[in-house]
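Structure first, commentary second.
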Ligand SMILES: NC(=O)C1=CN([C@@H]2O[C@H](COP(=O)(O)OP(=O)(O)OC[C@H]3O[C@@H](n4cnc5c(N)ncnc54)[C@H](O)[C@@H]3O)[C@@H](O)[C@H]2O)[C@@H](O)CC1
Ligand SMILES: Nc1ncnc2c1ncn2[C@@H]1O[C@H](COP(=O)(O)OP(=O)(O)O)[C@@H](O)[C@H]1O
Ligand SMILES: [K+]
């Protein structure tokens with residue numbers, strides 16, 4: 001069994017529509033906390049947060065559907081009304097067919113209004129926006145979305161997205177699919193989303209990051225146990241602890257990494273990866289390379305130990321080198337990074353197959369190592385070796401020998417592949433996805449496109465390998481490596497306008 005150590009707090013569990021509804025249903029049925037109470041808690045906590053940031057609210061426009069999402073918006077409206085703000089409500093499907101709790105909240109809102117501060121539109125046509133207002137509150141659709149937006153819903157979303165006024169979404173931007181993060185025809189572009197009782201998976205996938213804005217998690221009294229079926233989590237520096245440097249007694253007891261890499265003209269990747277790993281304070285890095293490339297590594301990596309294999313005239317790995325490499329690996333307890341710049345010679349594919357068939361060392365496979373793996377009928381993994389694969393979308397596609405879509409489809413592919421092969425996968429892209437053998441997946445929540453420059457994959461592979469060599473479990477090594485980059489990116493963005501370069505992430 002591959003040891004997994006990541007343990008996300010419940011606030012970072014990502015719910016899909018089914019789990020959201022199940023948790024809600026169980027809470028009302030088994031805990032006897034009724035839907036009206038949940039709505040009050042959801043709406044009041046959103047209202048409190050809105051009021052905290054905006055003392056001078058004069059007038060707000062509430063776009064409401066007919067389900068419970070509209071009820072949340074009406075609770076917010078009541079609290080803002082109590083703070084003397086005017087309220088304009090637009091019911092896209094009228095008010096005849098509102099859900100029970102939403103109907104009750106409309107009645108309550110009217111009863112609270114002693115100064116005629118509410119204007120109500122019973123349909124979209126005829127709505128005319130007030131002259132001055134602060135926010136548009138989106139309470140049209142939440143997790144009950146079942147089809148593409150059409151008619152007046154689509155019109156209202158189109159209107160809201162064209163306004164200068166910021167849109168605050170209740171639970172999820174209307175039109176965003178809670179599971180896939182795809183726009184169902186159209187979606188509200190929110191600056192802020194108040195997420196009730198659980199962040200939604202769709203915030204992190206496909207169009208999600210572009211339309212969700214800042215996510216504001218609002219707790220609801222859902223028993224944590226009801227969320228246990230969740231298998232998808234948001235990665236965040238607020239709960240993943242990044243390893244800090246502690247010096248060892250001896251170079252060989254403070255993390256040893258073997259890097260099996262290089263072929264003629266392709267030595268740069270291994271150099272980047274080695275520098276990246278070295279920066280994390282490893283005791284020793286040992287590059288194993290074809291002997292013909294020794295001088296390149298001697299020249300570029302003075303702190304790294306080199307162990308060349310084969311003959312002077314070997315410029316790429318051959319099957320016959322596998323045994324020698326295996327012997328070197330067995331000298332020290334270590335992790336191995338296999339792949340940077342290996343090239344794609346047929347003989348190198350056989351070398352990779354032979355080496356993986358025999359090794360029990362924890363192995364990170366990147367770049368050409370993944371390409372070689374994709375050429376094999378079966379993955380030659382020994383039971384003892386933990387693998388971490390770090391494919392970009394193209395490499396992932398090669399590995400599964402099939403098309404992968406972005407976002408949600410990639411998430412499902414990674415989950416399945418990890419379980420079937422008892423492997424950890426760091427799938428690069430937007431979002432970055434870590435998949436584990438137990439089917440758990442972790443999604444990044446920052447703009448990974450800043451890393452889309454040649455070389456940052458090598459830096460990332462170096463970090464994953466370094467943390468593995470330092471003794472972190474596979475899932476934690478991947479998380480620490482991704483977030484290490486995120487932290488460097490945010491301090492760079494704070495300090496300068498410099499366009500980030502892969503070397504900045506070392
Ligand atoms: N899950 C929970 O425990 C809680 C949920 N609350 C809120 O309730 C929401 C879910 O409420 P509902 O299940 O009533 O669902 P919604 O409020 O999302 O709306 C469902 C209604 O919209 C209609 N609809 C679906 N797709 C449509 C489309 N494309 N165009 C037009 N109409 C469409 C449905 O026929 C149904 O009548 C959550 O997102 C959240 O905002 C909160 O009140 C607090 C507690
Ligand atoms: N710290 C990071 N956080 C999130 N994603 C990252 C990070 N570092 C690298 N990446 C991902 O790795 C990709 C680059 O890897 P890759 O395409 O293999 O590049 P190369 O092999 O040229 O170095 C980026 O587009 C990004 O998706
Ligand atoms: K909404």
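The values are calculated or read from the model by the stated rules, or taken from the named source; none is laboratory data. Nothing here was measured: the structure is a model prediction, and the numbers come from that model. Positions of Cβ are backbone-derived with ideal geometry, glycine not excepted, and every protein chain shown enters the neighbour counts.
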Search region 55-87 for residues being more than 16 Å from ligand 3 (Cβ to nearest atom) and assigned to a helix (DSSP H, G or I), and hand back the single one that is surrounded by the most Cβ atoms within 10 Å (Cβ to Cβ).
80
Can you tell me how many residues within region 146-162 are in contact (Cβ under 8 Å) with a residue 40 or more places away in the chain and touching a helix residue (DSSP H, G or I) at 6+ places or on another chain (Cβ under 9 Å)?
0
Output for region 167-205, where each listed residue is over 20 Å from residue 445 (Cα atoms) and away from ligand 3 (no atom under 14 Å from the Cβ)
185
Just to be sure, is residue 53 under 28 Å from the mean Cα position of the chain (by Cα) and modelled with pLDDT of 95 or more?
no
When residue 222 is evaluated against the numbered criteria (1) within 16 Å of ligand 2 (Cβ to nearest atom); (2) within 20 Å of residue 22 (Cβ to Cβ), which criterion, by number, is the only one it fails?
(1)
Can you name every residue in region 91-104 that is in contact with a helix residue (DSSP H, G or I) (Cβ under 7 Å, 6 or more places away or on another chain) and within 16 Å of ligand 3 (Cβ to nearest atom)?
92, 98, 99, 101, 102
Please specify each residue of region 224-239 satisfying the condition of being out of contact with any strand residue (DSSP E or B) (no Cβ under 8 Å at 6 or more places or on another chain) and crowded, with 18+ Cβ neighbours inside 10 Å.
226, 236
Is there a residue being surrounded by fewer than 16 Cβ atoms within 10 Å (Cβ to Cβ), modelled with pLDDT under 95 and either away from ligand 3 (no atom under 16 Å from the Cβ) or closer than 14 Å to residue 188 by Cα (or both) anywhere in region 132-143?
yes
Please work out if residue 391 is within 16 Å of ligand 2 (Cβ to nearest atom), touching a residue at least 12 places away in the same chain (Cβ under 8 Å) and in a loop (DSSP other than H, G, I, E, B).
yes
Does region 163-211 hold any residues that are within 13 Å of ligand 1 (Cβ to nearest atom), assigned to a strand (DSSP E or B) and either in contact (Cβ under 8 Å) with a residue 60 or more places away in the chain or closer than 25 Å to residue 9 by Cβ (or both), and which are they?
168, 169, 170, 176, 193, 194, 195, 196, 199, 200
Filter region 88-131 for residues that are part of a helix (DSSP H, G or I) and surrounded by fewer than 19 Cβ atoms within 10 Å (Cβ to Cβ); the one that is nearest to ligand 1 (Cβ to nearest atom) is 100
Selection within region 26-36 - more than 9 Å from ligand 1 (Cβ to nearest atom) and part of a helix (DSSP H, G or I):
26, 29, 30
